[in-house]
1. Is it the case, given these coordinates, that residue 56 is closer than 20 Å to residue 170 by Cα, open to solvent by 30 Å² or more (accessible area, probe 1.4 Å) and part of a helix (DSSP H, G or I)?
2. Does region 249-266 contain any residue that is assigned to a strand (DSSP E or B) and more than 21 Å from the chain's Cα centre (by Cα)?
3. Considering only residues of region 303-358 that are outside any strand (DSSP E or B) and closer than 19 Å to residue 143 by Cα, which is most open to solvent (accessible area, probe 1.4 Å)?
4. Here are the criteria: (1) over 30 Å from residue 263 (Cβ atoms); (2) open to solvent by less than 10 Å² (accessible area, probe 1.4 Å). Tell me which single one residue 215 does not satisfy.
5. What pairs come up if the first residue lies in region 296-323 and is without any contact (Cβ under 8 Å) to a residue 60 or more places away in the chain and outside the structural domain of residue 342 (by the TED database), the second is loosely packed, with under 15 Cβ neighbours inside 10 Å and among the acidic types (Asp, Glu), and their beta carbons are under 9 Å apart, counting only those six or more places apart or on different chains?
6. For residue 151, work out the one condition from (1) hydroxyl-bearing (Ser, Thr, Tyr); (2) in contact (Cβ under 8 Å) with a residue 60 or more places away in the chain; (3) not in a helix (DSSP H, G or I) it doesn't fulfil.
7. Across region 154-183, what is the total count of residues that are exposed (fewer than 15 other Cβ atoms within 10 Å of the Cβ) and part of a strand (DSSP E or B)?
Amino acid sequence: MKNNKLQELREKIDKIDTQIVELLKERIEVAKEIGKLKENMGYESFDLLREKEILNKVLKINQKVFPEDALKVIYSEIIKACRSAQQKIKVAYLGPEATFSHIAALNYFGTSAELIPVETITDVFEEVSSERVNFGVVPIENSIEGVVATTLDAIYEYGLKVCGEIYESISHHLMNQTGKIEDIKKVLSHPQAIAQCRKWLRKKLPSVPIETVPSTALAAKWAAVDESVGAIASLVAAKLYHLQIVAKNIEDIKGNSTRFWIIGKTEVQPTGDDKTSLLFSVADRPGALFDVLRCFAVRKINLTKIESRPSKDEPWKYVFFLDCEGHIKDEKIKECLEEMQNYCLQVVWLGSYPKGKK
């Protein structure tokens, strides 16, 4: 009797699965039709506002019956697959495969996008600028080591727009071919990864030389062909390059995360939960920066970041990068930027985009 009931329920699951797949097939065909209409009307296929509306509607229909976190993942991948059916999205990232930039690109664009590894952060900007790809994924800051200067300098130089952001938790693992620490004669990794594991390396491998390479995944790639090399990289890299874990989670401070920018030439429409990035410079006079910041304070616009960088145009002059809550199309943000013009030598809008979830 129990076996009959079990078989009956399994057959019911099979029928539901068939219905789900048939509806997904129907959904992607409708998405293709929408893609053709958008192309004819000159619209972008990448519409984050619409995608956010769909996800919110699905969660509301669900009423917390199906686990929400799982439903978000499932539906995000469905949306990304349908988006790719409208237009195959090409995305450049700091490679090779299994870097944290690669993981961020996968999580943001899904597995249906064509992800293209390049050798440097500057190469990502070059690919997007030349329109060989639609978007790029670049690290902008780490919760421990701070800003990635190369990214800030390049966003100014190339004049691209920030279209989105994503936060990725960062855990560093030491790996090699054997899994034995005594076999490691040299440690390779990205400079930021090494900086984030400095205390651990000093304590556990005090006499082993440490060398920097352009990415954590490249370090893993080296370790895969040289048994004397230990790499600091992700678990994804260990799996991809068939390495053994020597020690897990060797970062000095736990809760480490990196914020990545999605860069492109697309202007993103307001979603109601946005962030705006700006660049500005001020005259060398007392109170100049105070005058600019007051523009935000009187309008109660929350600043989430401000960073100064040396100007490339003139020695000992600086430009400021600033993030604030809101969208360029919000009235108070527009008013703020207009008033800033009175106090700044230049104001450059870098982009408005949906806030990433930390």
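The values are calculated or read from the model by the stated rules, or taken from the named source; none is laboratory data. None of these values were measured; they are calculated from a predicted model. Please note: Cβ atoms are built from the backbone with ideal geometry, for glycine as well, and neighbour counts cover all protein chains shown. Note: areas computed on protein heavy atoms with side chains; ligands, DNA, RNA excluded. Shrake-Rupley method; radii C 1.70, N 1.55, O 1.52, S 1.80 Å.
1. Values: closer than 20 Å to residue 170 by Cα: no; open to solvent by 30 Å² or more (accessible area, probe 1.4 Å): yes; part of a helix (DSSP H, G or I): yes.
No; evaluated as a whole, the condition is false for this residue.
2. Within region 249-266, the subset assigned to a strand (DSSP E or B) is 257-264.
Add one more test, that the residue is more than 21 Å from the chain's Cα centre (by Cα), and what stays is none.
Among the residues of region 249-266, not one is assigned to a strand (DSSP E or B) and more than 21 Å from the chain's Cα centre (by Cα), which makes the answer no.
3. Step one: filter region 303-358 for residues outside any strand (DSSP E or B), giving 311-317, 326-343, 355-358.
Then keep just the ones that are closer than 19 Å to residue 143 by Cα; that gives 355-358.
Numbers: 355: 62, 356: 17, 357: 151, 358: 200 Å².
Out of the qualifying residues, it is 358.
4. (1) is the only condition that residue 215 fails.
5. Filtered contacts from region 296-323: no entries.
6. Single failed check for residue 151: (3).
7. Count: 1.
Let's see how each residue does on (1) over 20 Å from residue 354 (Cα atoms); (2) among the hydroxyl-bearing types (Ser, Thr, Tyr); (3) modelled with pLDDT of 95 or more:
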{"position": "103", "(1), (2), (3)": "no, no, no"}
{"position": "116", "(1), (2), (3)": "yes, no, yes"}
{"position": "120", "(1), (2), (3)": "yes, yes, no"}
{"position": "134", "(1), (2), (3)": "no, no, no"}
{"position": "138", "(1), (2), (3)": "no, no, yes"}
{"position": "142", "(1), (2), (3)": "no, no, no"}
{"position": "158", "(1), (2), (3)": "yes, yes, no"}
{"position": "164", "(1), (2), (3)": "no, no, no"}
